[in-house]
Amino acid sequence: MMDGALAVERDHTAGVNQKRKRQDSSGDSDEKIRKTETDVESHCIENCVELNSVKEVMPYEGSPLPAQHYDLNTTEPISSGLKSLDELLSWKRSEASPFNVATVPMGRRQTPLASCSRRTLVCHDMMGGYLEDRFIQGTTIEAPYVFYHWDYIDIFNYFSHNMVTIPPATWTNAAHKHGVHSLGTFITEWTDGEKVCEQFLATEETYRTAADKLVQIAHCYGFDGWLINIENKLSAVAVKNVELFLRYLTAQMHERVPGSLVIWYDSVLDDGLLKWQNELNDRNRVFFDACDGIFTNYNWTESSLQAMVSHTAAQRRLADIYVGVDVFARGEVVGGKFETNKALELVRKYNLSTAIFAPGWVYECLDKADFHKNQDKFWSLLSDYLYVHQHASPLPFVSSFCQGFGRSVYWKGQVEQDKSWFNLNAQEIQPLYSTTSLEGGGWLRSRSCPAEAWAGGSSLLLEGWIPRSLTKACARIFSLHMPLPTKTLISFVYKPLAGLNVSLELRTTDALLCSSASEAPSSSVFPVALSEDNDLVKQFTENCGRSGNNGWTSRCFLLELSGCALREVCVCVAPDNAGDDLEFSCRIGEIMVLDANGLFRQPVPVQDVCVYDDVWKRAVGRGEGSPLKLRLSATLRWQYPAQHARHFRVHWRHRPDPGDPPSPLTLIGRAYSTLYRVVELEVPLVSGLMELLVEPVSREGFSVLQTYWGICTLSYPQSTADV
């Protein structure tokens, strides 16, 4: 089809003819945000082509999709920021990327952010931002940067030097799973920044217009606020309007995105001079008073901390002062690098919050082969000055410890796709990674390991040395705040070495006491595994479809408790032969905590599958006589209750003729929302049909009969002469 066209027929179960529409649902830039504004998802559903035997002429040309949202060569969805004031002011909700909308709601945790007296913010300044993480559906890379110490932090700020930094949805989704707020960045710098500020801070109308756009962007993409970083001098008019801009932006964010934050970076002063103060004082308090907090510059001293604590503006707002700590240790700073703990020790001494800037130092500056070891070392050194937040979202609680990358994609202990990959959407609730000293010189460590997994890309590896003086060692895996139903099923998958006994210890407390912020007394429960012929176990195993598990051991436990809440999940290891020293390793594949009463609900079918934004290319055959093929890129969207799905598998198959049996299914990839971009799928250029199928995978990992899958059928030319 170099100079021709490709005729394509689409057959769908829905039979409504519908033209693609592109309508701007946002108003003028000076119009206040309306609650009736159409969201991106509705717009894209409207764009879905659900046609009945409609032919379209598809020329072999470059992608018609916007370059800021899709890779020019492959049409893969990507995330990006806005580089200029014009881009901000002309931003339209209808032109936003549907793929970059975060789909995971904010998880619950104890203690909630608003009640935290000393918070921890991480500012992710990673080599300019928008690297491999810009690929929203993931990419192929062997050694990516990942963050997984979410239990220690409260706020995640994605930072780059774009004027408007929109966090990639993958980061916001990972943060929300752990109950962490995700912030974007608005930054102006130096001479160009000064010009930008003089424009948008000129009048009430102009600063409100800019603020409205920032609010629309955060609401549209599903993140939780902004770091405002103005690092250029300001005129008298501009600096006066900064305070008003912050007040307006903060009020509008709170109204539009409940629980959101606007944080000011310590930079310009109340007279417009650019001069970092390294503290909250009378010269910058006007900005602090106008928003939710201040992120100080990094060159503070202990006297700076003392002065802030006693400042009148700080009274009852100590938690809103985020003392900046530069991990790169640039300039005259306390600590930094592997001595960052020295800075946190001082900050916490004065009961202040902290903003840890660029912890990716362990990835950027050290050997990437040792990244996980160095990352764990860095955070373990800080752990005495951080607070473990308890996961408090309702059941089901599911984690296979996947960090969002791997050497292969695993499912039920089998390799599903054999390739290196990175996709933070796949990251599951992370355990506590720690090293513990035991009596008698023993030790116990928990760490991630991508060498083998039960599901996803990595498993949890417990390793250590138990001296003969100890009968067992227990590792705290999860800290929770989770009321339990009357009947709770625990599923536990592990792979021990010979000579090792592995068991669970659950720590529970009274559910009413658990609702209190104070520490409640807990008691230990040592559940006994149900036998394999137990009716509940047999039904659970049958629904999971577990077979041929490559040496993995699966155990189920049933708790029948009344009025209890789960506080901790611990894994205990003990030698088979008491009285011997034991050096061991044990791989943990998955832990699930499930409501046994609602476990086997009726499956929900995938509905309203549609396809749009398709791009067809001819694939040049390799070698003489190689058959020509087509490459299809297209967006699939469907309807399915998000709370029921762990992920979706997207498959395809070829059917030469409607009356012929289809070819075997081929897995294309995994989707973590009800939107997926098929990218350069190679299909044979012969007559017939191709079918795209969407298979839901339940939160519990249950198999779903194909009658509940979604399907979309495409037909294309009978011969290569047509193209």
Residue among 714, 437, 232 farthest towards the positive dipole end of the chain, charges placed on Cβ: 437
FRET efficiency estimate (nearest 0.05) - Cβ-Cβ, residue 132 to residue 628, R0 35 angstrom: 0.60
Stretch gain in nm, segment residue 682-residue 202, where the contour uses 0.36 nm per residue and the Cα spacing is subtracted: 167.4 nm
Estimated Rh, the stretch 426-472: Kirkwood, alpha-carbon pairs, angstrom: 12.1 Å
Rounded percent of accessible protein surface that carbon and sulfur make up, the chain, 1.4 Å probe: 48 percent
For residue 681, solvent-accessible area (1.4 Å; no DNA, RNA or ligand), Å²: 20 Å²
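Using a Förster distance of 45 angstrom, determine the FRET efficiency expected from the C-beta separation of residue 436 and residue 607, and round it to 0.05.
0.40
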FRET efficiency, 1/(1 + (r/R0)^6) with R0 60 Å, evaluated for residue 578 and residue 663 via beta carbons: 0.55
Listed residues 487, 419 arranged by accessible area, highest first, probe 1.4 Å: 419, 487
Greater than 21 Å apart at Cα, pairs in 195/275; 177/368; 419/617; 83/195; 412/495; 412/538: 177/368; 419/617
Accessible surface, the stretch 65-132, averaged per residue in Å² (probe 1.4 Å): 42 Å²
Cβ-defined net charge surrounding residue 437, 15 Å radius [Lys, Arg +1; Asp, Glu -1]: -1
Column: log10 I(q)/I(0), Debye, Cα scatterers of the stretch 459-606, q = 0.13 Å⁻¹: -0.68
Accessible-area value, residue 647, 1.4 Å probe, nucleic acids and ligands omitted, Å²: 10 Å²
Span per principal axis, largest first, for the Cα atoms of the stretch 597-673 (Å): 62, 29, 21
Extension gain, residue 342 back to residue 367 (0.36 nm per residue minus Cα-Cα distance, nm): 6.6 nm
Sequence-distant residues sharing a close amide H with residue 688 (under 5 Å, placed H): 716
Solvent-free Debye scattering, log10 I(q)/I(0), computed from the Cα coordinates of the stretch 326-402 at q = 0.19, 0.26, 0.28 Å⁻¹: -0.88, -1.23, -1.33
Cα pair distances exceeding 21 angstrom across the stretch 163-307, given as percent: 42 percent
Under 11 Å, Cβ to Cβ, from residue 494 - net charge with Lys/Arg +1 and Asp/Glu -1: +2
For the stretch 535-634, alpha-carbon Rg over 2.2 N^0.38 Å: 1.97
Solvent-accessible heavy-atom area per residue, rounded to whole Å², over the stretch 193-273 at 1.4 Å: 32 Å²
Accessible area (Å², per residue) of the stretch 362-484, counting only protein heavy atoms and a probe of 1.4 Å: 37 Å²
³J(HN,Hα), Karplus 6.51/-1.76/1.60, whole Hz, each residue of the stretch 284-300, x for Gly, Pro: 10, 5, 4, 6, 4, 5, 8, 9, 8, x, 10, 10, 7, 5, 9, 8, 8
Length released on extending from residue 310 to residue 275, taking residue separation times 0.36 nm less the Cα-Cα span: 10.4 nm
Cα-only Debye scattering, the stretch 386-445: base-10 log of I(q)/I(0) at q = 0.17, 0.19, 0.22, 0.23 Å⁻¹: -0.81, -0.90, -0.98, -1.01
Radius of gyration, Dmax [the chain; alpha carbons; angstrom]: 27.3, 82
In Hz, Karplus ³J(HN,Hα) per residue of the stretch 257-264 (6.51, -1.76, 1.60; θ = phi - 60°; x = Gly, Pro): 10, x, x, 6, 9, 10, 10, 9
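The values are calculated or read from the model by the stated rules, or taken from the named source; none is laboratory data. A quick note: this is a predicted structure, and the numbers were derived from the prediction, not measured. Cβ atoms come from the backbone with ideal geometry, glycine included; neighbour counts cover every protein chain shown. To get the accessible areas, we keep the full protein, side chains included, count just its heavy atoms, and leave off ligands, DNA and RNA. Shrake-Rupley method; radii C 1.70, N 1.55, O 1.52, S 1.80 Å.
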